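A short worksheet on the structure shown next.
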Amino acid sequence: MGHRGSANVNGAGMTREMPEAGIVAGPPPSAVMMQLLGGFQVSQAIYVVAVLGVATILEQEGPQTVADLAERTGAKDEPLHRLIRTLAPLGVFTIDGEYVNVTPVGTTLSEKHPQSLHGIARMWMETHYLPFSELLHSVRTGHPGSDKYLGEPFFDWIANDPLREVLFSQAMADVTSSLRTGMFDDYQLPAGRTVADIGGSDGSVLVELLTHDGDAGRRGILFDRPTTVPAARPVLSAAGLTDRIEVRAGDFFIEVPPADIYVLSAILHDWDDNACQLLLGSIAAAGAPGARLLVIEGVVPEGDEPHLTKAIDLTMLGMLTGKERTEKEYRDLLHRAGFTLDRIVPTRSPLSVLEATLR
């Protein structure tokens with residue numbers, strides 16, 4: 001009577017201890033590992049949801065039946081039901097009888113959501129998924145596995161196809177705008193008349209910085225590859241900043257325009273230290289002593305605590321030569337290029353603003 005728990009006789013005549021009432025045993029390690037190993041299937045399922053537009057319909061119109069969703073998206077009822085049923089326990093959908101709805105997490109797959117990750121869902125599965133099968137090569141050699149799979153560096157492969165270039169630019173705009181939500185609300189730009197966003201893609205970062213700044217006298221320069229800068233013109237026009245932001249094209253490893261303040265948003269993490277030195281060297285050559293540099297990146301924390309940078313670093317390992325860096329690594333990287341890291345400004349997003357000055 002005083003024994004903790006109770007015994008149960010299984011079919012083989014053996015007894016095993018049953019947990020006490022009210023105590024729910026966690027899944028065994030093998031079950032946890034099975035879920036981790038199946039991550040590639042989950043990412044593909046999420047990709048299908050994004051491409052079909054399921055999350056967009058639900059986010060815009062509310063709960064729907066699977067039959068209605070299938071008819072509107074060109075899918076078959078039964079496979080779509082199985083897909084949704086798989087993703088519901090993972091927090092993407094909820095199912096109530098015949099009706100399906102999307103969760104707050106799932107709404108980020110909607111093309112219309114203000115923090116949409118629809119573009120990154122498409123881009124990762126269409127450009128990263130298969131090359132990432134060479135991750136073992138990355139770890140064994142220290143070279144990106146994507147180079148081996150694609151036969152050329154990832155950014156060269158992207159630039160060789162206009163459709164891939166558009167997809168990549170849109171995905172980067174989606175993910176950075178989502179991560180940046182609210183991060184500049186309380187941020188004040190340093191003194192300086194001209195702000196140059198180097199590798200600024202569609203110009204959304206520069207637009208946000210100038211819009212939040214409140215100093216109508218500041219001018220902007222958006223600088224990126226010739227194949228990328230056309231995507232910025234509608235963004236600048238929609239923001240009413242075409243008269244304040246000049247668009248220039250070029251190679252930031254060779255030369256960048258003169259400016260008082262330089263912005264590198266999610267750029268340095270794409271490149272190894274040697275390439276970063278070339279890029280920072282271009283900025284140092286163009287800027288006068290005292291020029292300011294704003295590096296917008298995630299900073300990897302010490303220890304085992306969860307942080308988005310640790311997940312993104314896996315992408316860097318498999319696809320590019322770059323990496324996510326700690327505070328010390330950024331401080332050393334900037335110092336070698338002639339910059340002094342003045343401070344790191346944490347934000348309400350996973351990203352920080354690292355402010356540095358050209359010596």
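The values are calculated or read from the model by the stated rules, or taken from the named source; none is laboratory data. Values in this document were obtained by computation on a predicted structure and should not be read as measured data. Note that each Cβ is placed from the backbone with ideal geometry, even for glycine, and that neighbours are counted across all protein chains shown.
Results, tabulated for the structure shown:
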item	result
Members of region 276-303 found to be assigned to a helix (DSSP H, G or I) and either hydrophobic (A, V, I, L, M, F, W, C) or in contact with a Leu (Cβ under 7 Å, 6 or more places away or on another chain) (or both), listed by number	C276, L278, L279, L280, I283, A284, A285, A286
Residue pairs meeting the criteria (Cβ under 9 Å; at least 6 apart or on separate chains; first free of Cβ contacts under 8 Å to residues at least 40 places away in the same chain, in region 327-348; second exposed (fewer than 14 other Cβ atoms within 10 Å of the Cβ) and part of a helix (DSSP H, G or I))	L341/H335
Cβ-Cβ under 7 Å pairs, at least 6 apart or on other chains, region 105-134 side without any contact (Cβ under 8 Å) to a residue 40 or more places away in the chain and farther than 16 Å from S177 by Cβ, far side buried (at least 21 other Cβ atoms within 10 Å of the Cβ) and of a type outside the set (F, W, Y)	V105/V92
Condition met for S349 (within 25 Å of L189 (Cβ to Cβ), among the hydroxyl-bearing types (S, T, Y), assigned by TED's automatic domain parsing to the domain that holds L179 and not in a loop (DSSP other than H, G, I, E, B))	no
Qualifying position, being over 18 Å from A266 (Cβ atoms) and within 16 Å of the chain's Cα centre (by Cα), among R140, R218, R122, R180	R122
Pairs, first closer than 19 Å to I245 by Cβ in region 175-204, second basic (K, R) and in a loop (DSSP other than H, G, I, E, B), C-beta under 9 Å, six or more apart	L189/R218; G192/R218; R193/R218; T194/R218; V195/R218; G199/R225; S204/R180
Restricting region 196-220 to residues that are over 11 Å from V263 (Cβ atoms) and of a type in the set (A, V, I, L, M), the residue that is surrounded by the fewest Cβ atoms within 10 Å (Cβ to Cβ)	A216
Count of residues meeting criterion [assigned to a helix (DSSP H, G or I) and crowded, with 20+ Cβ neighbours inside 10 Å] in region 177-195	0
Count - residues of region 264-275 that are in a helix (DSSP H, G or I) and among the acidic types (D, E)	2
Any hit, region 242-255, residues being over 21 Å from A291 (Cα atoms) and free of Cβ contacts under 8 Å to residues at least 24 places away in the same chain	yes
Selection status of Q115, over 26 Å from P63 (Cβ atoms), surrounded by 14 or more Cβ atoms within 10 Å (Cβ to Cβ), among the polar types (S, T, N, Q) and not assigned by TED's automatic domain parsing to the domain that holds H269	no
Count of region 68-117 residues which are within 26 Å of A171 (Cα to Cα) and of a type in the set (K, R)	2
Residue tally, condition surrounded by fewer than 17 Cβ atoms within 10 Å (Cβ to Cβ) and polar (S, T, N, Q), over region 222-272	3
